[in-house]
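Here the structure is laid out as C-alpha cells; the discussion comes afterwards.
The values are calculated or read from the model by the stated rules, or taken from the named source; none is laboratory data. Small disclaimer: the values here were computed from a predicted structure and weren't measured. Backbone-built Cβ (ideal geometry, glycine too); neighbour counts: all protein chains shown.
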Amino acid sequence: MPRYTSYPPANYFAELGEADFKNAVLESNEQKDSNLSFYIHFPYCPRLCHYCACNSYAMPQTENVEHYIDALHKEIDMILPLLNSERKISQIHYGGGTPTSMPLDAIKELNQHLLSAFKTIERPEIAIECHPGYLDENGWQTLADAGFTRMSLGIQDFNADVLKTVNRKPSLIPINEVFKILRQRNIKINLDFLYGLPIQTPESFYNTISQAVALAPDRLVTFSYAHVPWIKKAQLILEKAGLPAPENKEKMFDNAAQLLEKEGYVRIGMDHFVKPEDELFEALQNHRLHRNFQGYCTRRTTAQVYAFGVTGISQLTAAYAQNTKVIYEYISEVFSGKIPVRKGYKLDKNQQLVREVIESLMCNYYVDFKEIAERLNVETDFLKSVTTYNIDILKNMQDDGILELNENSIKITAEGSPFVRNVAASLDPLMKNTTKSFSKPI
C-alpha cells in the first residue's frame, strides 16, 4: 500500500520540465493557500551514519560547499520573482544531510535572503535539523541568533556504544547545556530517536527515552529504522553488527510510547509525541492536522512548499516538482540560469480533492466529507464521487472493527489504526488497476 506521505505518492512522479514548473509557481500565487513555506536541502555530512537512507553525501572540500551555498542563493533568486510579494512566510525548514555542518553564518544569510523578501505570519515556524555532534557552545549561540523558532536535535540514542556501532558522533557538549542555550532564546526543541539499531535492547532504549523525558523536550519522535540495504549498501554493515529481532524492536517502541504517555506526552500519528498544549495536538483534536514532506504541521503554518537544493521537492496546490539528485548537475544548471527540476506531477482539480480526503485520513484518522466539501466549495456527493468511495467495502471494514462509518465521515478505530493505509487506498482512484509497487501496510 502507498505510505501516502504525499498524494499522489512520489513513485507516480514523471518527467517535468522547467517551463511547466515555472507555470505551476505562477499559478500557485492564485491559490487559496497563499502562505509561503520554504525548504532548503543541504546534502553533505561530515561523517555518514551507517543507517542513513537520506539524500546525503560525504562532506567535500570547503570550496565545493561554498559553490553549493552560492547555488542555493541563485536558485532562490530565480524563484522569488515569480512569487507575489504580498504573500507571507509561515514556515522555513532546513534538512539534509547535516544542515548544521554548513558555515553557520551562511545559514543566517539564507534566512535573511528569504525573510527580507516577504513578511511573515504571526509566530512563523523557522526550523532546522541539527546534528549535536558538531556544535560547540559558540556554535549553538550563533545558530540561535539566526532567527530559528524550533530546532530538531538528532540524538538517535544516548548509548555511546550504539552510536559508535552506527558511526554517529555523540553530542559535542552535554545535551542539557544545549537545552539551556536554546531555552534562553525561547526556541522550541524537538528530540529525534531511532529504534531498531544494533546493540539496542528494549531496556536500553527505554533508558534513552527516560533520559530524554528528563530534559522535557517540546516534541519527541521515535523513528523506526528502515533497513533497505538494496538502496543504501552501507546498511549492510549493520547486518554484520546484528539487528534486533522484530519482537524486540516492537517492544522498544511500545515501552517508549507507554513511558511518554505516562509522563504526559500525547501521540501524534504513529511516532510523534508532543505536550498537550502543543498546537499539533490541538489540530489533531479538531481534525485539522496536516503534513508535508517536512513532517506534521498545522494549517496555520502549512503552506505551499518551495524547495531549494539538490533533491528538493516543491509541493504546490496543483503540482509537485523535484530537483535533480545529482549535485554537480544542480550547481551547474543553477549557475547557468536554469531551474534544475527533473520530475514531478501535475494534479487536476479532482486529484486535489482526493488529496484532501486521503491526507485528512492519514493525519487525523478521520475524514469529514461535508467539512472538506464546504471548505473547498464543492458538493459532498461530488467529493465522494471523485474518490472510489464504496459503501460496501467500507461497511466490511466497519464489521472488521477497523473504522466507524457515518453518512459523511469515516473514523479509524484505535484497533484499526495499523490499517489506515488500507482504508486510504480504498478511496484512491489511482489504485484501480495500478502496476505500481508499494511497501506492505504493516
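Regarding the stretch 222-237, can at least one residue be identified that is modelled with pLDDT of 95 or more, out of contact with any Ser or Thr (no Cβ under 8 Å at 6 or more places or on another chain) and among the β-branched types (Val, Ile, Thr)? Checking the stretch 222-237: at least one residue is modelled with pLDDT of 95 or more, out of contact with any Ser or Thr (no Cβ under 8 Å at 6 or more places or on another chain) and among the β-branched types (Val, Ile, Thr).
Considering only residues in the stretch 302-335 that are crowded, with 24+ Cβ neighbours inside 10 Å and in a loop (DSSP other than H, G, I, E, B), the one that is modelled with the lowest pLDDT turns out to be Ala303. Restricting the stretch 311-341 to residues that are among the β-branched types (Val, Ile, Thr) and over 16 Å from the mean Cα position of the chain (by Cα) leaves a set whose member that is nearest to Cys45 (Cα to Cα) is Ile327. Residues that are buried (at least 22 other Cβ atoms within 10 Å of the Cβ) and under 18 Å from Phe42 (Cβ atoms) within the stretch 112-128 comprise Ile126, Ala127, Ile128, listed in sequence order.
Residues that are polar (S, T, N, Q), at least 3 per element: which helices (runs of 4 or more DSSP H) completely within the stretch 346-411 meet that?
Values: elements: 349-364, 369-375, 380-386, 391-399.
By residue number, 349-364.
Give me the helices (runs of 4 or more DSSP H) completely within the stretch 189-301, filtered to those with at least 2 residues that are crowded, with 16+ Cβ neighbours inside 10 Å and in contact (Cβ under 8 Å) with a residue 60 or more places away in the chain, ordered by residue number.
Details: elements: 202-215, 236-241, 246-262, 279-285.
Because the criterion is at least 2 residues that are crowded, with 16+ Cβ neighbours inside 10 Å and in contact (Cβ under 8 Å) with a residue 60 or more places away in the chain, the helices (runs of 4 or more DSSP H) in the stretch 189-301 that meet it are 279-285.
If the condition is being over 25 Å from the mean Cα position of the chain (by Cα), surrounded by 13 or more Cβ atoms within 10 Å (Cβ to Cβ) and not aliphatic (A, V, I, L, M), then the stretch 397-414 contributes Gln398, Glu404, Asn408, Ser409.
Scanning the stretch 16-38 for residues that are touching a residue at least 24 places away in the same chain (Cβ under 8 Å) and part of a helix (DSSP H, G or I) yields a count of 9. The set of residues in the stretch 190-227 being of a type in the set (A, V, I, L, M) and closer than 19 Å to Glu247 by Cα consists of Leu194, Leu197, Ile199, Ile209, Ala226. Can you go through Ile209, Ile268 and tell me which one is in contact with a Leu (Cβ under 9 Å, 6 or more places away or on another chain), at pLDDT 95 or above, β-branched (Val, Ile, Thr) and in the same structural domain as Glu122 (by TED's automatic domain parsing)? Being in contact with a Leu (Cβ under 9 Å, 6 or more places away or on another chain), at pLDDT 95 or above, β-branched (Val, Ile, Thr) and in the same structural domain as Glu122 (by TED's automatic domain parsing) holds for just one of Ile209, Ile268, which is Ile209.
Within the bounds of the stretch 334-353, is there any residue that is free of Cβ contacts under 8 Å to residues at least 60 places away in the same chain, of a type in the set (Val, Ile, Thr) and farther than 23 Å from Asp33 by Cβ? Looking through the stretch 334-353, none of the residues is free of Cβ contacts under 8 Å to residues at least 60 places away in the same chain, of a type in the set (Val, Ile, Thr) and farther than 23 Å from Asp33 by Cβ.
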